[in-house]
Amino acid sequence: MDLNVDEAEHSMEMHLPYLSKVFQGHNVKVVPILVGAVNSQNEAMYGQLLAKYVDDPKNFFSVSSDFCHWGSRFSYTYYDKKHGAIHKSIEALDRLGMEIIETGDPDAFKQYLEEYENTICGRHPISVLLHMLKHCSTKIKVGFVRYEQSSQCKTTRDSSVSYASAVAKVDTPGEVGKD
């Protein structure tokens, strides 16, 4: 990648401090995979290639993405008035995407992105992950645990970035409903 792209890329810088804290005292190897802006065929291909690593319980995956970047400075101002205030519309849009991610269906996630054009930075790594989960033999359940917005947009002059945290874990029979 060229220097400008490298300097703008920040997903590793965001994750390494958390991973360092979580795995403190443990000898772990980090294998960064920068997905970039790949097409849907490559998302599926990389997902299939990486699926076998999901089946190894020694492996841990951390996927980084913001959610909606809303406002004129991001060239994205989708607003569905039926949800009330702009920030509520943004939340409804994000939560719809989150619900689709929780289903584990990469095709439904692709359709959601095509329909709403939500500005989810990590849409490609998320899609690769969904393809990994689709092709691995281990049943994995994805669940979102937190959602926030950098600000609550009330007018079209406002802007906001959304953040969502999810966990993916082995779907163990008998643990339904326990998060």
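The values are calculated or read from the model by the stated rules, or taken from the named source; none is laboratory data. Predicted, not measured: the structure shown is a model, and the values here were computed from it. Just so you know, the surface numbers come from the protein's heavy atoms only, side chains and all, with ligands and any DNA or RNA stripped out. Shrake-Rupley method; radii C 1.70, N 1.55, O 1.52, S 1.80 Å.
Data table
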quantity	calculated
Rounded tilt (10° steps) of 106-116 against the dominant C-alpha axis of the chain	10
Whole-Å distance, taken between Cα centres, linking segment 87-123 and segment 1-59	21
Angle in degrees between helix 40-54 and the longest Cα principal axis of the chain, rounded to the nearest 10	40
Segment Tyr76-Lys141, length gained on full extension (0.36 nm per residue, minus Cα span)	20.3 nm
Cα shape, segment 27-70, gyration tensor, a/c 1.5 rule	oblate
Accessible area expressed per residue, segment 1-82, with surrounding protein chains retained (probe 1.4 Å, Å²)	79
Percent of Cα-Cα distances greater than 14 Å, calculated over segment 108-168	68
nm² value of the averaged projected area, convex hull over the Cα atoms of the chain	12.0
Vicinal HN-Hα couplings computed from phi for segment 58-64 (Karplus, 6.51 cos²θ - 1.76 cosθ + 1.60; Hz; Gly/Pro x)	6, 8, 10, 10, 10, 10, 10
Listed pairs Lys134/Lys154; Lys29/Lys52; Lys82/Lys139; Lys81/Lys141; Lys88/Lys110; Lys29/Lys169 exceeding 28 Å between Cα atoms	Lys134/Lys154; Lys82/Lys139; Lys81/Lys141
C-alpha long axis of helix 123-135 to longest principal axis of the chain, angle in °	40
Heavy-atom accessible area per residue - segment 97-179, 1.4 Å, Å²	58
Surface share of carbon and sulfur [accessible, 1.4 angstrom probe, percent] for the chain	52
